[in-house]
Amino acid sequence: MASDSTTRSRQSVPATAGASDALDVLVVDDDPRWRDYSAEPFLRRGDRVRLVSDGLEALSLCVSEPPDVVLTDVNMPRMDGWQLLRMIRARPNLAGVPVVFLTSLDGDEERLKGYQLGVDAYIPKPFHPDELLMRVHRVVRRRRQAAETDTAGTLRGDLENVSAASLLSFLSVERKTGILLVVGDRVARVFMRDGRALRVEIEGETPPVSSRDALMEVFGFGTGQFEFSAERVGGADEIRSAISALVLEYARLRDEGQR
């Protein structure tokens, strides 16, 4: 069992991972079993892994030597994952570091709170090591690609972690204005102003459907990534219904279809 604040030496690097693409991974968990389990696939790949037991230790290491990605539990002593996330996002030199929550949180409200604060992804416990490796590298790649275009009004995450209906309800309650991009099997754009969905476009929809019907389809998206960018949105309101009413209608239609 490794001790806290330990940097493990690199093991043999697989042929697919050279020194140039190895990651510096910071794993934060008060349970030593989960620390070791989370570190294992990265060590096997040849990444550098640092292990700490709480957010306070993690923040100290981040300040002295920023990692490429932080994998953290949420419920920990001294400084929990929520506080660590806030502190990382509040520091200009750390604001771009990807943060992934490894947690058993399963409520949309808590997950949306995390996305609002700037978490990059949720990976529920228990997870498979290879799945963890794949998803973390995807998060790092996505964050690096978006680094030059990030704005303070951007909210992004995975639909596997929060439903499209809950996401749109959150944007409605917050009276957000901007464009929600959802990329899965299909690509959809929801144009919002002051918390109302004005129109929806789904690429490749044949024949074209109304914005109202397209929004109902978006509610049913179960996989993919989303990104909301705050920007000016013009045009007429083609839907003319509050998102809350449409979510209830979608739930009713889904329940009727399952009978």
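At a glance:
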{"read-out": "Failed item, numbered, when Thr206 is tested on (1) over 13 Å from Asp120 (Cβ atoms); (2) surrounded by 15 or more Cβ atoms within 10 Å (Cβ to Cβ); (3) at pLDDT below 90; (4) not charged (D, E, K, R)", "value": "(2)"}
{"read-out": "Any hit, segment 203-212, residues being in contact with a helix residue (DSSP H, G or I) (Cβ under 6 Å, 6 or more places away or on another chain) and not assigned by TED's automatic domain parsing to the domain that holds Arg142", "value": "no"}
{"read-out": "Answer from Phe221, Phe191 - the residue that is under 22 Å from the mean Cα position of the chain (by Cα) and assigned to a strand (DSSP E or B)", "value": "Phe191"}
{"read-out": "Candidate set: segment 209-234, residues that are in contact with a strand residue (DSSP E or B) (Cβ under 6 Å, 6 or more places away or on another chain) and over 20 Å from Arg186 (Cα atoms); chosen: the one surrounded by the fewest Cβ atoms within 10 Å (Cβ to Cβ)", "value": "Glu231"}
{"read-out": "So Leu84, is it in contact with a His (Cβ under 9 Å, 6 or more places away or on another chain) and either assigned by TED's automatic domain parsing to the domain that holds His137 or within 21 Å of Arg111 (Cα to Cα) (or both)", "value": "no"}
{"read-out": "Count - residues of segment 166-204 that are within 14 Å of Ser241 (Cβ to Cβ) and not charged (D, E, K, R)", "value": "9"}
{"read-out": "Test result for Val162, in contact with a helix residue (DSSP H, G or I) (Cβ under 6 Å, 6 or more places away or on another chain) and in the same structural domain as Arg254 (by TED's automatic domain parsing)", "value": "yes"}
{"read-out": "Conditions (1) in a loop (DSSP other than H, G, I, E, B); (2) exposed (fewer than 12 other Cβ atoms within 10 Å of the Cβ); number of the one not met by Arg252", "value": "(1)"}
{"read-out": "Top-ranked residue in segment 112-123 [being assigned to a strand (DSSP E or B) and touching a Leu at 6+ places or on another chain (Cβ under 9 Å); ranked as surrounded by the most Cβ atoms within 10 Å (Cβ to Cβ)]", "value": "Tyr122"}
{"read-out": "Filter result for Val28 (surrounded by fewer than 23 Cβ atoms within 10 Å (Cβ to Cβ) and on the phi < 0 side of the Ramachandran plot)", "value": "no"}
{"read-out": "All positions within segment 126-137 that are of a type in the set (D, E, K, R) and exposed (fewer than 15 other Cβ atoms within 10 Å of the Cβ)", "value": "Asp130, Glu131"}
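Per-residue answers, yes or no, for (1) at pLDDT 85 or above; (2) among the charged types (D, E, K, R); (3) outside any loop (DSSP other than H, G, I, E, B); (4) crowded, with 22+ Cβ neighbours inside 10 Å:
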site	(1), (2), (3), (4)
Asn75	yes, no, no, no
Met79	yes, no, no, no
Met87	yes, no, yes, no
Gly96	yes, no, no, no
Glu110	no, yes, yes, no
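The values are calculated or read from the model by the stated rules, or taken from the named source; none is laboratory data. It should be emphasised that the depicted structure is a prediction, and the values quoted were computed from it without experimental measurement. Every residue, glycine as well, gets a Cβ built from its backbone with ideal geometry; the counts of neighbours run over all protein chains shown.
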